[in-house]
């Protein structure tokens with residue numbers, strides 16, 4: 001468990017310039033952030049990405065795969081780790097392209113240490129909330145999958161705004177049975193109110209259209 | 001008068017014109033045309049005159065010959081008539097014979113041509129004879145019965161004997177007439193001197209003459225009596241042969257005489273009773289003398305005509321060829337000077353005038369196109385200069401920013417390690433080491449760039465700065481025109497060469513000139529003059545100056561204008577003069593500015609000249 005708490009987050013530094021990437025590693029270390037360095041994009045891609053909040057500090061101009069190429073590659077692989085770009089000389093079209101593709105920040109070298117630290121903090125925060133969202137969604141999905149087919153059906157109808165009576169009529173069961181199923185759904189989905197259940201159904205996309 | 005003579009001399013001075021090919025062609029063709037026309041005219045005129053002349057001469061000679069022949073015929077007829085009546089009475093021995101003698105003597109007196117007169121009786125015996133020369137004889141009884149003069153006369157009533165000469169001097173002829181029936185025969189010895197005199201008197205021109213040949217072709221009358229006396233037979237003469245063959249009555253023949261031959265024009269007429277031929281001849285030379293004169297006159301006219309035509313052609317050709325040459329010279333001038341603002345000054349509505357107008361029009365379009373092209377050129381040069389600069393800057397920026405970023409990052413890290421409650425000296429030290437390394441790395445980059453710039457001397461060659469100045473001026477010609485800037489250049493002719501990078505020096509001079517042009521853009525109240533000079537300043541150094549009449553340089557800016565990023569222009573980068581100075585300095589020279597006399601700024605370039613004999 002201690003290991004887990006130490007690795008709260010991880011920063012990937014990708015730059016072909018050794019002194020800069022070592023300097024960045026040292027800087028992050030000085031504020032207690034863990035980082036890993038890579039000399040090229042392909043070296044990074046060969047590495048297994050650990051499941052912790054992380055962000056990438058990426059040089060735009062590198063031999064081989066460029067920073068922007070790597071960004072596109074990760075996007076294709078459905079990996080959404082926030083990226084902070086660094087460049088020796090950036091022009092406006094390059095910046096726009098990177099920001100549009102979801103970059104956290106675009107820093108021109110040389111930058112102030114605080115600038116990159118702020119950018120990294122922002123990136124990690126975004127990654128953390130992204131990960132939480134992803135985790136919640138996963139949990140919701142698991143709960144939903146634990147429902148019986150009949151329960152899933154009733155959850156769709158309930159969240160569509162139908163009354164128990166109507167549901168019973170529609171499914172050809174007694175109102176009592178609907179009530180039991182409904183209680184079971186609320187419990188399994190860990191929903192404290194109908195409103196919460198509706199929000200969950202919305203997120204899962206299982207809410208029946210009112211008809 | 002002198003002026004006219006000079007003008008003529010100018011027209012005749014065609015040595016220069018003959019160098020081209022058009023001019024001699026033109027003159028030759030037109031002179032030939034005139035020559036042929038005149039020659040044809042003269043030839044036809046001569047030919048027709050010749051034929052007219054020949055016909056009329058022949059006619060005259062023919063008439064003369066006929067008249068003379070008629071006269072001779074008449075002469076004989078006359079004698080015959082006189083003789084005729086003596087034959088009416090046959091010879092009888094009668095007392096009347098004395099009377100007859102007397103009457104015959106009277107006859108002799110009346111007819112001077114008859115020298116002797118004899119009467120032959122029926123048997124051919126001479127009965128009576130009277131003579132101017134000898135004694136008269138009566139009934140001499142000499143028998144002439146075998147003499148042709150008797151039996152021929154008897155047979156044919158008349159007998160014409162051959163011509164003979166007495167005392168080798170006088171031509172004579174025997175004429176015998178027979179009476180009717182048994183009548184006697186009268187024989188007369190006729191002196192032909194009369195015919196000779198008559199023939200001699202016939203005058204044909206200057207050297208023409210008449211002569212008579214008998215039926216056998218013997219010459220019997222000729223102005224030159226000696227020929228006659230030699231008893232020449234002329235039957236071999238072509239005209240005589242022709243006449244005897246009965247051919248047309250006039251010919252032109254070559255007469256071969258003993259010591260010379262000449263062509264003669266001859267006409268003849270027959271003398272009826274005698275079968276003699278009367279010839280009238282005229283030497284061709286004389287007959288055609290007027291023709292020769294005519295030919296001479298025609299030749300002189302031909303020559304004069306030709307001369308006049310030649311002169312006229314020269315004049316005309318000059319009128320045509322000279323403007324063409326002017327055009328050619330002008331085109332060459334334009335080509336050499338590349339000055340498309342020149343215009344031909346040729347007035348005239350003729351084809352050449354229109355050609356000149358077309359030429360000028362073409363030049364106008366050419367100069368407009370040229371101007372457009374050259375301003376495009378300038379824009380291009382500027383753009384490429386900026387692009388080059390931009391690329392260079394980007395590369396430098398990247399190389400420098402990399403270590404700077406490492407320094408900044410390490411500095412931040414170091415400070416943070418030290419600022420901890422429990423400072424990590426070890427890490428801070430490591431960071432400082434990194435900072436030190438990267439600072440050196442940055443300075444190394446700068447050093448490399450400088451040395452690259454300095455080392456790049458392989459493009460250097462021996463150059464004549466004047467050519468570069470002129471090239472750049474030609475390049476900005478359109479720009480200068482557009483801004484109405486006049487150029488004064490004072491370039492030292494024998495400026496020694498310098499060893500330099502052509503492109504870089506061009507860039508510097510172009511830069512200074514463009515700066516000057518821009519500086520004068522605001523000048524409204526005085527002349528805009530760009531002045532470029534080159535001179536030797538001191539041994540081993542060439543000095544090139546670029547002066548303008550712009551606003552000049554503010555004295556407080558004077559120290560900074562060569563600094564990078566210093567600019568007074570709204571759109572400038574402030575790199576131009578800085579780079580210019582660097583270029584000149586790496587060539588071992590200096591670039592500085594000073595204030596001009598009056599208005600404007602002066603930029604001075606000093607470059608060391610190459611040492612003589614050192615080449616690569």
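The values are calculated or read from the model by the stated rules, or taken from the named source; none is laboratory data. All of these numbers come straight from a predicted model, not from anything done at the bench. Quick reminder, even Gly has a Cβ in these numbers, built from the backbone with ideal geometry, and neighbours come from all protein chains shown.
For this structure, a couple of remarks:
- When residue A:29 is tested against the conditions (1) surrounded by fewer than 19 Cβ atoms within 10 Å (Cβ to Cβ); (2) at pLDDT below 90; (3) within 14 Å of chain B (Cβ to nearest Cβ); (4) closer than 27 Å to residue B:419 by Cβ, the lone failure is (2).
- A single entry from B:332, B:367, B:299, B:395 fulfils the requirement of being at pLDDT below 80 and not in a loop (DSSP other than H, G, I, E, B): B:395.
- Considering only residues in region B:596-610 that are farther than 18 Å from residue B:513 by Cβ and touching a strand residue (DSSP E or B) at 6+ places or on another chain (Cβ under 9 Å), the one that is modelled with the lowest pLDDT turns out to be B:597.
- Selection within region B:122-139 - closer than 13 Å to residue B:100 by Cβ, free of Cβ contacts under 8 Å to residues at least 40 places away in the same chain and assigned to a loop (DSSP other than H, G, I, E, B): B:136
- Candidates in region A:86-104 are the residues that are within 13 Å of chain B (Cβ to nearest Cβ) and either under 17 Å from residue A:11 (Cα atoms) or part of a strand (DSSP E or B) (or both); of these, the one that is modelled with the highest pLDDT is A:86.
- Strands (runs of 3 or more DSSP E) contained in region B:149-229 and holding at least 3 residues within 60 Å of the chain's Cα centre (by Cα): B:209-213
- Subset tally (residues that are more than 13 Å from residue B:165 (Cβ to Cβ) and buried (at least 22 other Cβ atoms within 10 Å of the Cβ)) for region B:212-221: 2
- Matching residues, region B:392-413, being more than 19 Å from residue A:63 (Cα to Cα), free of Cβ contacts under 8 Å to residues at least 24 places away in the same chain and at the interface with chain A (Cβ under 8 Å from one of its Cβ atoms): B:408, B:409, B:412, B:413
- Candidates B:421, B:519, B:430, B:474, filtered to the one that is in a helix (DSSP H, G or I) and either closer than 30 Å to residue A:107 by Cβ or within 14 Å of another protein chain (Cβ to nearest Cβ) (or both): B:430
- Test for residue A:133: is it under 13 Å from residue A:203 (Cα atoms), without any contact (Cβ under 8 Å) to a residue 40 or more places away in the chain and more than 14 Å from chain B (Cβ to nearest Cβ): yes
- Checked against (1) without any contact (Cβ under 8 Å) to a residue 40 or more places away in the chain; (2) within 13 Å of chain B (Cβ to nearest Cβ), residue A:65 passes all but condition (2).
- Flag for residue B:445 being surrounded by 15 or more Cβ atoms within 10 Å (Cβ to Cβ), touching a residue at least 40 places away in the same chain (Cβ under 8 Å) and away from chain A (no Cβ under 14 Å): no
- Each residue in region B:174-194 was checked for being on the phi < 0 side of the Ramachandran plot and either at pLDDT below 80 or out of contact with any helix residue (DSSP H, G or I) (no Cβ under 8 Å at 6 or more places or on another chain) (or both), and 10 of them qualify.
- Just one of the listed residues (A:122, A:107) is surrounded by fewer than 17 Cβ atoms within 10 Å (Cβ to Cβ), touching a strand residue (DSSP E or B) at 6+ places or on another chain (Cβ under 9 Å) and either within 14 Å of chain B (Cβ to nearest Cβ) or part of a helix (DSSP H, G or I) (or both), namely A:122.
- Flag for residue A:70 being away from every other protein chain (no Cβ under 14 Å), part of a helix (DSSP H, G or I), touching a helix residue (DSSP H, G or I) at 6+ places or on another chain (Cβ under 6 Å) and on the phi < 0 side of the Ramachandran plot: yes
- Residue count for region B:448-475, restricted to those that are surrounded by 15 or more Cβ atoms within 10 Å (Cβ to Cβ), modelled with pLDDT under 85 and in contact with a strand residue (DSSP E or B) (Cβ under 9 Å, 6 or more places away or on another chain): 1.
- Any hit, region A:40-61, residues being over 20 Å from the mean Cα position of the chain (by Cα), within 12 Å of chain B (Cβ to nearest Cβ) and free of Cβ contacts under 8 Å to residues at least 24 places away in the same chain: no
- Considering the conditions (1) part of a loop (DSSP other than H, G, I, E, B); (2) surrounded by fewer than 19 Cβ atoms within 10 Å (Cβ to Cβ); (3) under 25 Å from the mean Cα position of the chain (by Cα), residue A:64 is excluded by exactly one of them, (3).
- Residue in region A:180-198 that is at pLDDT 90 or above and in contact with a strand residue (DSSP E or B) (Cβ under 7 Å, 6 or more places away or on another chain) present: no
- Residue list for region B:493-513, restricted to those being in contact with a strand residue (DSSP E or B) (Cβ under 8 Å, 6 or more places away or on another chain) and within 13 Å of residue B:462 (Cα to Cα): B:495, B:496, B:497, B:498, B:499, B:500, B:501, B:502, B:505
- Of all positions in region A:79-93, at least one carries a residue that is more than 20 Å from residue B:402 (Cα to Cα), under 21 Å from the mean Cα position of the chain (by Cα) and surrounded by 15 or more Cβ atoms within 10 Å (Cβ to Cβ).
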